[in-house]
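Below is one structure, written out as structure tokens; the observations come after it.
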Number of protein chains: 2
Amino acid sequence: MKDIFQWFRENSPELRKDYFKFLRFRSISADPAYRSEVLACAEWLKTYIQEHTTLQAEVLETPGYPLVYAEGSRPDAHKTTLLIYGHYDVQPIDPIELWKSDPFEPVERDGQIFARGAVDDKGQIFYAILAARYWKESGRQLPINLKFCIEGEEESSSLGLAKALPHLKGRLRAQYLLVPDFDQFDARTPAISLGARGMVSLEVTLTGSKSDLHSGLHGGLAYNPNRALVELLAQLWDSEGRVQVDGFYDDIAETKETGYTFRFDRQQYRKEFGIEALGGEKGKTMEEANCFRPTLELNGIGGGYTGAGIKTVIPAKASAKISCRLVPSQNPEKVGRAVEAFLKKRALPGMRVETQIYPGAYAFRGNPTSKLAGAVSQAAEEVTGIPCKKVLSGASIPIVADLVKATGAEVVGMGYGLPEDNIHAPNECFDWPRLEKGFATVARTFELL
Amino acid sequence: MKDIFQWFRENSPELRKDYFKFLRFRSISADPAYRSEVLACAEWLKTYIQEHTTLQAEVLETPGYPLVYAEGSRPDAHKTTLLIYGHYDVQPIDPIELWKSDPFEPVERDGQIFARGAVDDKGQIFYAILAARYWKESGRQLPINLKFCIEGEEESSSLGLAKALPHLKGRLRAQYLLVPDFDQFDARTPAISLGARGMVSLEVTLTGSKSDLHSGLHGGLAYNPNRALVELLAQLWDSEGRVQVDGFYDDIAETKETGYTFRFDRQQYRKEFGIEALGGEKGKTMEEANCFRPTLELNGIGGGYTGAGIKTVIPAKASAKISCRLVPSQNPEKVGRAVEAFLKKRALPGMRVETQIYPGAYAFRGNPTSKLAGAVSQAAEEVTGIPCKKVLSGASIPIVADLVKATGAEVVGMGYGLPEDNIHAPNECFDWPRLEKGFATVARTFELL
């Protein structure tokens, strides 16, 4: 462990520059306007892995954005094969006006490095690559067969990788799959994540007229699509917070999962995020609400004029973006269709209803007693000096369930993120000490496998 | 009448150029970004009136945007005094992507002139100014004492004029007030408007957390402000379309108003606007819904991500812009406060609720038997060859009730707008033949008063 830390500290100035270079790519996969930046980021990453590790790296085309794939040239059949999955794309940056600095010009303030992707997932996949770099530069042979599969569409449903998976099955084959895209347990305590929720998302648009209307001339005559939309969406939950979509809670695995630690402190949550009003269903604990129950969220609603002042308009359309988090055994397509059916059935007659369902993903679970789970836990404990917790995540890594199926691997999620890192929000941040912990945990895991 | 038409036709090429110049000013009063264009538009208009009429024009400062004011230098106590009110500001232009041509570069397609303000109100106030120009260029003395009061904030609540009114009372004094900012009855039939609704508007913002949240990590824990907003706004109406705000229907004048013609054809409305779903309250006619009942409209709703694709966010805030149209005897401030109280009382506990009420306006009514009502009706009938209808408007001219009070004048609204002119919407348009009718009606009205 001493060598691992020493190498990192000696090389920190250079590694930090490399990290900042990675962060500067505007690799937003959800918005086609950034296409060239996503592609440039993939090329840079491939070259970085090729130059600084013993692996052969390549950019693999997919029907979507390319994968950065790397593996050793001569795998040793006696060694354990570990596949590390991550992503080089990032979330969109709006509301841009709330960023305190340029999302793509990393800057350190009060010990935190602020940039889109600082943690999710550029920061976390970068420290895993540094672990491979360490093994090369330390002159010691990698104790495992290592593979990287780093995709460019995790933040927009992993479509390219999903479509490429059937053809890549052979190459991705591994005993273990490590996904460094998760949080630690709390500011001090490390954690491994043995599951995350699935997801399905969709859009709905209500159209009431051919064009926007004057709200005085037409007020009382035309039914306002904004009104039709809020009346429709408000029906999605009953007064106890249960989603009213037919079949929404069907197919939920009934076995009670135990052995996980869940962290939720009402007071701290209030203080850290300023949150007073809690969601979830009546009668369910916060742990259930966050990990064992599906949710339906309105990620965006919009219709009419939202600029400065007032514009007296009845808009032609109003729309909403909706995503559902799913728990084991729930089929994303089935849930997506159920929500769509609800919206179509309950929408006000006379409103034209258009929906679009985006490709979804199943929830996944890892085996808490696998060799990888043990190795990462032990490595994290050695690195931090604190026993490692087992957790589940309320978030989703869309492709993991498919990856597990395609590779036959046992999966473990790890990470040194924290809820206050603002991932998917303005002012995303990470810090160098946590990046170092991540690096050391992965570097040591290679030895323990 | 022959002279009037002849002058217009002979001078049409020049008048049309002048009209286009007026339309090119981006005089959007609601958005402070356009401030210099609003001011430049006022200067241009003053100069135009000064040069082309016998009136003395000036730009009068107000606490908001300036007024363009004009009157004759030597009023004749034996003549009738007529004040013409209009506005040189225009509505915002978004959604800009739906405009088929630049909103501020007027262009004629299929006989319609497309530009923001083409009709509302640059087109309609311009023809009234041309009526004064005609009287100057015809070499005949104006048969009345004429005044113009043209403001720059009608589309954003007339705050400047409202505040300046107490000081301007003396100058604005008139027996009659003509407001050329209305529609004709249908494509053929002229109309005078003897009333319009009042208005009050407000904004409400619900804040659930300090910043946007990841909808997986926080989904089930934090209550989504988008959800709290749709659940709140959906409570504004009952299943029969009645607004649920306490006192919303109080103070409505009980006398049944008669003598007006109302135009509403379900089939034509559907065809023209593509509207299938109608608003209003159960048991009320469309005429009542549009003219004799107050309405509450959601002019804008917005929260979270509304760009391309999906962003899995729980937004920190969600907000709505609301406006209510009011009928005679309703106090805008009282109604605004009642809606605000409803929103504050019904909002989910734990959501921070911020509201802002914008200055409102009373409904107004004119006297159907006034000399001005008779003169405009007769002029319109002579111009079009079709009997003129008396109508009420569902829209609002915020300042008119105050102007009537301050000037002591009897008011008549007139206009050659049509519902299909897309005022307040993309692709606003007007046409030269209707502008000519407006001009001729006003020019002839001067003689008949």
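The values are calculated or read from the model by the stated rules, or taken from the named source; none is laboratory data. Because the structure is a prediction, the values reported are computed rather than measured. Quick reminder, even Gly has a Cβ in these numbers, built from the backbone with ideal geometry, and neighbours come from all protein chains shown.
Descriptive notes on the structure:
- Single residue of A:Ser209, A:Ser201 found to be touching a Ser or Thr at 6+ places or on another chain (Cβ under 6 Å) and in contact (Cβ under 8 Å) with a residue 24 or more places away in the chain: A:Ser201
- Contact annotation: residue pairs with Cβ atoms under 9 Å, 6 or more positions apart or on different chains, pairing a residue in region B:362-391 that is more than 19 Å from B:Tyr176 (Cα to Cα) with a partner that is among the basic types (Lys, Arg) and in a loop (DSSP other than H, G, I, E, B), are B:Thr384/B:Arg188; B:Ile386/B:Arg188; B:Lys389/B:Arg263.
Yes or no, residue by residue, for (1) farther than 27 Å from A:Asn145 by Cβ; (2) among the small types (Gly, Ala, Ser); (3) surrounded by fewer than 17 Cβ atoms within 10 Å (Cβ to Cβ):
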| site | (1), (2), (3) |
| --- | --- |
| A:Lys344 | yes, no, yes |
| A:Arg352 | yes, no, yes |
| A:Gly360 | yes, yes, no |
| A:Ala363 | yes, yes, no |
| A:Ala375 | no, yes, no |
| A:Leu392 | yes, no, no |
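- Residues in region A:348-403 that are within 20 Å of A:Phe262 (Cβ to Cβ), in contact with a helix residue (DSSP H, G or I) (Cβ under 7 Å, 6 or more places away or on another chain) and among the polar types (S, T, N, Q): A:Asn367, A:Thr384.
- Among residues of region B:296-316, those that are more than 7 Å from every other protein chain (Cβ to nearest Cβ) and within 30 Å of B:Gly198 (Cα to Cα), counted: 1
- The set of residues in region A:242-275 being assigned to a loop (DSSP other than H, G, I, E, B) and crowded, with 19+ Cβ neighbours inside 10 Å consists of A:Val245, A:Phe248, A:Ile275.
- If only residues of region A:202-220 that are modelled with pLDDT of 95 or more and not charged (D, E, K, R) are counted, the one that is farthest from the chain's Cα centre (by Cα) is A:Ser209.
- Region B:377-401, subset more than 14 Å from chain A (Cβ to nearest Cβ) and under 20 Å from the mean Cα position of the chain (by Cα), residue modelled with the lowest pLDDT: B:Ile399
- Matching residues in region A:137-160 - criterion: being closer than 19 Å to A:Glu43 by Cα and in a strand (DSSP E or B): A:Lys147, A:Phe148, A:Cys149, A:Ile150, A:Glu151
- Just one of the numbered conditions (1) facing chain A (nearest Cβ under 10 Å); (2) in a helix (DSSP H, G or I); (3) closer than 30 Å to A:Gly300 by Cβ is not true of B:Ala341: (1).
- Among the numbered conditions (1) part of a loop (DSSP other than H, G, I, E, B); (2) assigned by TED's automatic domain parsing to the domain that holds A:Phe342; (3) in contact (Cβ under 8 Å) with a residue 40 or more places away in the chain, the only one that A:Asn299 does not meet is (1).
- Contact map, region A:267-295: residues that are facing chain B (nearest Cβ under 8 Å) and within 28 Å of A:Phe364 (Cβ to Cβ) paired with residues that are surrounded by 15 or more Cβ atoms within 10 Å (Cβ to Cβ) and aromatic (Phe, Trp, Tyr), Cβ distance under 6 Å, separation 6+ or inter-chain. Pairs shown: A:Ile275/A:Tyr269; A:Leu278/B:Tyr223; A:Gly279/B:Tyr223.
- Residues of region A:197-218 classified as closer than 23 Å to B:Met286 by Cα and within 7 Å of chain B (Cβ to nearest Cβ), total: 10
- Looking across B:Gly216, B:Gly220, one residue alone is without any contact (Cβ under 8 Å) to a residue 12 or more places away in the chain and more than 24 Å from B:Val90 (Cα to Cα). It is B:Gly220.
- Within region A:243-266, the residues that satisfy the criterion of being farther than 24 Å from A:Lys334 by Cα and either more than 14 Å from chain B (Cβ to nearest Cβ) or in contact with a Pro (Cβ under 7 Å, 6 or more places away or on another chain) (or both) are A:Thr258, A:Gly259, A:Tyr260, A:Thr261.
- Considering B:Ser319, B:Ser323, the condition of being of a type in the set (Ser, Thr, Tyr), surrounded by fewer than 24 Cβ atoms within 10 Å (Cβ to Cβ), within 9 Å of chain A (Cβ to nearest Cβ) and part of a strand (DSSP E or B) is satisfied by B:Ser319 alone.
- Which listed residue is touching a strand residue (DSSP E or B) at 6+ places or on another chain (Cβ under 7 Å) and more than 14 Å from every other protein chain (Cβ to nearest Cβ), from A:Ala222, A:Ala132: A:Ala132
- The set of residues in region B:290-312 that are modelled with pLDDT under 95 and among the small types (Gly, Ala, Ser) comprises B:Gly307, B:Ala308, B:Gly309.
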